[in-house]
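Report on the structure given below.
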Amino acid sequence: MNRPAPAVVWTVAALVGVVAVASFALSASALVAVAGWAGVDGRLAWCVPVLTDGGALAFSLAALVRRGQGRGAGVEWCALGVLAVVSVAANTAHGLGAHVPEAARVAVGVLVVGLAPVVVLVATHTLAALLAPGTAEDVDVAAEEEPVAPDVAFVADDVADDAEEEPIEVEDTLAAMQAMRSAGATLREVGAAFGCHASTVARRLRDTPVEEDSGALLTTLSGTFAS
């Protein structure tokens with residue numbers, strides 16, 4: 001997949017920034033008013049839009065970072081969703097104005113302000129996860145993917161036992177290779193049949209002349225492969 005041109009990326013980033021600033025400015029005025037519904041001091045009302053919209057932006061960036069690390073970001077996405085819903089509800093209630101009952105206004109204001117400690121806890125968890133990415137889950141995955149070295153002694157004993165039970169007949173193998181070549185098989189086909197590279201087959205056949213006592217075997221195998 002082709003990457004977009006840098007100019008396109010920077011243009012999109014600039015437009016996203018403009019949209020974010022405009023959205024934050026519009027939402028901030030509504031959230032400041034909603035803070036007053038919960039009895040928040042006017043000097044601290046600006047903390048409410050920072051808490052909701054600023055928190056949503058922070059969790060969005062954290063989720064993207066964790067995704068880039070190949071790790072889950074369920075907590076961050078859930079926090080982003082909750083803050084988005086609360087912000088939309090608060091802005092909608094503020095837009096309705098006098099049509100919203102007084103009890104509903106107080107409930108919305110308390111809900112928005114009451115999220116403050118929860119947002120702090122989730123934000124702290126997110127920051128800790130970003131600063132210390134080596135979690136137990138990551139260690140378990142790495143352990144599963146790490147290849148396990150075989151027991152050399154065990155493998156050597158196993159090979160030795162197999163060699164004692166079924167000794168390898170090198171002469172017969174070379175004769176079979178020569179028979180396949182005589183029948184018209186290519187070096188690649190011979191190598192595939194015996195599990196070795198074509199250059200290995202060529203070297204063995206070049207360095208090993210046909211023995212007189214293996215002529216009968218060679219003739220028999222040649223007829224077999226030719227048929």
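The values are calculated or read from the model by the stated rules, or taken from the named source; none is laboratory data. As the structure is a computational prediction, the values presented were derived from the model and not from experiment. Here the Cβ positions follow ideal geometry from the backbone for every residue, glycine too, while neighbour counts run over all protein chains shown.
Summary table
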{"item": "Segments classed as helices (runs of 4 or more DSSP H), wholly inside region 1-97, with at least 2 members that are of a type in the set (Ser, Thr, Tyr), over 17 Å from Val122 (Cα atoms) and free of Cβ contacts under 8 Å to residues at least 60 places away in the same chain", "result": "6-37"}
{"item": "Members of region 83-102 found to be of a type in the set (Ser, Thr, Tyr) and either surrounded by fewer than 19 Cβ atoms within 10 Å (Cβ to Cβ) or at positive phi (or both), listed by number", "result": "Thr92"}
{"item": "Breaking point among (1) modelled with pLDDT under 50; (2) within 52 Å of the chain's Cα centre (by Cα), for Phe194", "result": "(1)"}
{"item": "Residues satisfying the stated conditions in region 22-44, i.e. farther than 16 Å from Asn91 by Cβ and either of a type in the set (D, E, K, R) or exposed (fewer than 14 other Cβ atoms within 10 Å of the Cβ) (or both)", "result": "Gly39, Asp41, Gly42, Arg43, Leu44"}
{"item": "Helices (runs of 4 or more DSSP H) wholly inside region 101-181 that include at least 2 residues being modelled with pLDDT of 85 or more and of a type outside the set (A, V, I, L, M)", "result": "102-114, 116-131"}
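Residue-by-condition table, conditions (1) of a type in the set (A, V, I, L, M, F, W, C); (2) under 41 Å from the mean Cα position of the chain (by Cα); (3) under 19 Å from Leu31 (Cβ atoms):
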{"position": "Val100", "(1), (2), (3)": "yes, no, yes"}
{"position": "Arg105", "(1), (2), (3)": "no, no, yes"}
{"position": "Val108", "(1), (2), (3)": "yes, yes, yes"}
{"position": "Ala116", "(1), (2), (3)": "yes, yes, yes"}
{"position": "Val120", "(1), (2), (3)": "yes, yes, yes"}
{"position": "Ala123", "(1), (2), (3)": "yes, yes, yes"}
